[in-house]
Amino acid sequence: MPRWFARVASVFRECVRSRLGWILAAIHAMWLALGIRSIGPPSRSAANFLDSSQGADWTLLAGRPFHFTYQSWILKSVFLADLPAMLVASLTDLLVWPVSFVTHVGIYEGSYIAAGLLFVVATGQWLIVGCALERRFRKKTRPT
């Protein structure tokens, strides 16, 4: 096994064991659920409109019409905090994109898949942040 792989695995294990990371991930999950709930109920008719290729200046997030400008401050703050995770998730979306042509996933179902992927990647982001903060606190509290 290459050394870099062992190091990545070690950091991964440390992040998964991070108590602060899990606290931040739980807060993020509650904040995101509250933000998505503030959008309103899912709308299959909005998805059908987007599927018809008529064009719109909004998209779907977990089956709900989403336009950043008109969202609550709760959802806006979650999205701004999750920008690094969104960049990683968009790279993953590019890898999965060719599969969507074969499986014919609709916009409505795809919005749930994208929201789930974003949630998983953002949870990883907050685990890493919590782990890094724990390391920082540990270094400051150790006697020198």
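Points worth noting:
- Per the listing 79, 101, the residue uniquely of a type outside the set (Gly, Ala, Ser) and over 30 Å from residue 136 (Cα atoms) is 101.
- Residue under evaluation residue 77, criteria (1) surrounded by 14 or more Cβ atoms within 10 Å (Cβ to Cβ); (2) part of a helix (DSSP H, G or I), criterion not met: (1)
- Residue 58 meets each of the listed conditions (1) touching a strand residue (DSSP E or B) at 6+ places or on another chain (Cβ under 6 Å); (2) within 13 Å of residue 108 (Cβ to Cβ) apart from (2).
- From 122, 89, 132, residue being surrounded by 10 or more Cβ atoms within 10 Å (Cβ to Cβ), of a type in the set (Gly, Ala, Ser) and over 17 Å from the mean Cα position of the chain (by Cα): 132
- Criterion violated by residue 115 - all others in (1) of a type in the set (A, V, I, L, M, F, W, C); (2) in contact (Cβ under 8 Å) with a residue 24 or more places away in the chain; (3) out of contact with any strand residue (DSSP E or B) (no Cβ under 7 Å at 6 or more places or on another chain) satisfied: (3)
- For the stretch 80-103, taking the residues that are hydrophobic (A, V, I, L, M, F, W, C) and touching a residue at least 40 places away in the same chain (Cβ under 8 Å), the one that is farthest from residue 27 (Cα to Cα) is identified as 85.
- Residue 101 surrounded by 10 or more Cβ atoms within 10 Å (Cβ to Cβ) and either assigned to a helix (DSSP H, G or I) or hydrophobic (A, V, I, L, M, F, W, C) (or both): no
- Looking across the stretch 121-143 at every residue that is under 10 Å from residue 18 (Cα atoms) and not hydrophobic (A, V, I, L, M, F, W, C), the one that is modelled with the lowest pLDDT is identified as 135.
- For the stretch 1-56, a residue qualifies if it is exposed (fewer than 11 other Cβ atoms within 10 Å of the Cβ), part of a loop (DSSP other than H, G, I, E, B) and at pLDDT 80 or above, and the qualifying residues are 2, 40, 41.
The values are calculated or read from the model by the stated rules, or taken from the named source; none is laboratory data. Here the structure is a predicted model, which is why all the values come from computation and not from measurement. Here the Cβ is made from the backbone with ideal geometry for all residues, glycine too, and neighbour counts use every protein chain on show.
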